[in-house]
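Step one of this worksheet: look at the structure below.
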Amino acid sequence: MKLITLEEHYMSPEVARATGPEIARISPGFAEAFSGEGGGPGSPDVEALGDLGDKRLADMDAYGIDVQVLSGLNAQHLPSDVAPDLARATNDRLAAAMNRHPDRFAGFASVPTSAPDRAGDELRRAVGDLGMSGTLVFGRTEGRFLSDPRFEGLLAAAEETGAPVYLHPSPAPLATTEENYGGLSEVVTTRLQTAAWGWHQETAVHFMHLVLSGVFDRHPDLKLILGHWGEMIPFFLERLDEMLPTRITGVERSFTEYMRENVWITPSGMFTQANLQYCVETIGADRIMYSVDYPFVRMDGAQEFLSEARLDDSQKEAIAHGTAERVLPNLVV
Ligand code: GRE
Ligand code: ZN
């Protein structure tokens, strides 16, 4: 089965250098807890992370991944004075890799959200001139959700170009982290606040802010993608709809309706059949796209997970590639 995967990362060296201090400030212990050296869970294959060529393609070939939609890490933590230039450079570098391998690589742009007036233009350039398929945004920027008025230009550009915003987890502000996750051993605190739970809870809350502040009412054609099976939201739709009905929220639709009309979800390498079955039932196979979260998660099992699923072939094809081809602009097929 042809596989197109959407949450597949690479590290741009200049962005890594510029964002290092901010990551260390808001997520102390992060580098130690996830250093590639020890090869612990969630530790990336460092060589693969930096690679936009042979190493990555060899892994894709070995595990039957046809196309990776690539995204650079952590642009939302760039200092505002350097963010526009570094986002631009990292997008140019990604576009060059896409041009070298147009049938294997597509791209989600890095956008300079810490210089928000420039973010919409960079997304338009990336989609219009560089052939990218959307943007992947690492959570909050300087503590602000994407519902903050400063990001209206970015959301308008995403809506107009048809480019989805993939909302990826990222460290919460330090105070949130300390309040909610402190008091345990450093490695446990760091993993609990990040990839084990905190990132996902915070991304879910971010999505709730988008809904409740009317982002999807102002931008009805905005497309949002959530990884990790919708960052737990599908499993709480009953509760959200019941406790936050439209007569209380004042927004136009229910959480379930926004999930079915503006949002697509991906597994991010969480290959659990029960989650897939549940999300197909509640959200629909045509709103699920595929992702591995390479190289934080390895690609083995990506083909088997879908081929073994208790779904009909048309549902499997939609999840494996069909929905991505329909929803993402510029996807070379
Ligand atoms: C990611 O997806 O970006 C990621 C990390 C670190 C650990 C796990 C993970 O950056 O999924
Ligand atoms: Zn990821």
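The values are calculated or read from the model by the stated rules, or taken from the named source; none is laboratory data. It should be emphasised that the depicted structure is a prediction, and the values quoted were computed from it without experimental measurement. FYI the Cβ positions are ideal-geometry reconstructions off the backbone, even for glycines, and counts take in every protein chain you see.
Quick notes on this structure:
- Residues that are out of contact with any Asp or Glu (no Cβ under 6 Å at 6 or more places or on another chain), of a type in the set (Gly, Ala, Ser) and part of a loop (DSSP other than H, G, I, E, B) within the range 1-47 comprise 12, 27, 35, 39, 40, 42, 43, listed in sequence order.
- Test: residue in the range 141-151 that is part of a helix (DSSP H, G or I), closer than 25 Å to residue 211 by Cβ, free of Cβ contacts under 8 Å to residues at least 60 places away in the same chain and of a type in the set (D, E, K, R): yes
- Residue 172 among the small types (Gly, Ala, Ser), assigned to a loop (DSSP other than H, G, I, E, B), within 16 Å of ligand 1 (Cβ to nearest atom) and closer than 30 Å to residue 126 by Cα: yes
- The range 210-239: number of residues that are within 16 Å of ligand 2 (Cβ to nearest atom) and assigned to a loop (DSSP other than H, G, I, E, B): 1
- Cβ-Cβ contacts under 7 Å between residues 6 or more apart (or on different chains), taken from a first residue in the range 19-45 that is more than 24 Å from residue 79 (Cα to Cα) and within 15 Å of ligand 2 (Cβ to nearest atom) to a second residue that is modelled with pLDDT under 85 and not polar (S, T, N, Q), are listed as 42/34; 43/34; 43/36; 44/36; 45/36.
- Taking the criterion of being within 16 Å of ligand 1 (Cβ to nearest atom) and hydroxyl-bearing (Ser, Thr, Tyr), the residues of the range 175-214 that qualify are 177, 181, 189, 190, 194, 203.
- Residues of the range 244-267 satisfying the condition of being touching a Leu at 6+ places or on another chain (Cβ under 9 Å), part of a loop (DSSP other than H, G, I, E, B), surrounded by 13 or more Cβ atoms within 10 Å (Cβ to Cβ) and not aliphatic (A, V, I, L, M): 254, 262, 266, 267
Conditions (1) buried (at least 21 other Cβ atoms within 10 Å of the Cβ); (2) more than 20 Å from residue 63 (Cα to Cα); (3) away from ligand 2 (no atom under 16 Å from the Cβ), marked per residue:
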residue	(1), (2), (3)
294	yes, no, no
307	no, no, yes
311	no, yes, yes
317	no, no, yes
320	yes, no, yes
324	yes, no, yes
327	no, yes, yes
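- Pairs where the first residue, in the range 263-288, is away from ligand 2 (no atom under 15 Å from the Cβ) and the second is assigned to a helix (DSSP H, G or I) and among the charged types (D, E, K, R), C-beta under 6 Å, 6+ apart: 264/287
- Scanning the range 73-93 for residues that are out of contact with any Asp or Glu (no Cβ under 6 Å at 6 or more places or on another chain), closer than 23 Å to residue 173 by Cα and part of a helix (DSSP H, G or I) yields 75, 76, 83, 84.
- Of all residues in the range 297-313, those that are closer than 23 Å to residue 281 by Cα and aromatic (Phe, Trp, Tyr) have Cβ atoms under 7 Å from Cβ atoms of residues that are within 16 Å of ligand 1 (Cβ to nearest atom) and assigned to a loop (DSSP other than H, G, I, E, B), 6 or more apart or on another chain, in 305/271.
- Sub-8 Å Cβ pairs linking a first residue in the range 160-184 that is touching a residue at least 60 places away in the same chain (Cβ under 8 Å) and closer than 13 Å to residue 197 by Cα to a second residue that is in a loop (DSSP other than H, G, I, E, B) and of a type in the set (D, E, K, R), at least 6 apart or interchain, are 170/140; 172/140, ordered by first then second residue.
- Among (1) part of a loop (DSSP other than H, G, I, E, B); (2) modelled with pLDDT under 95; (3) touching a helix residue (DSSP H, G or I) at 6+ places or on another chain (Cβ under 6 Å), the one test that residue 130 misses: (2)
- Among the candidates 24, 33, the residue that is surrounded by 15 or more Cβ atoms within 10 Å (Cβ to Cβ) and either of a type in the set (Asp, Glu) or out of contact with any His (no Cβ under 6 Å at 6 or more places or on another chain) (or both) is uniquely 33.
- Considering the range 296-330, and only residues there that are assigned to a loop (DSSP other than H, G, I, E, B) and modelled with pLDDT of 95 or more, the residue that is nearest to ligand 1 (Cβ to nearest atom) turns out to be 328.
- Residue in the range 190-213 that is more than 28 Å from residue 296 (Cβ to Cβ) and touching a residue at least 24 places away in the same chain (Cβ under 8 Å) present: yes
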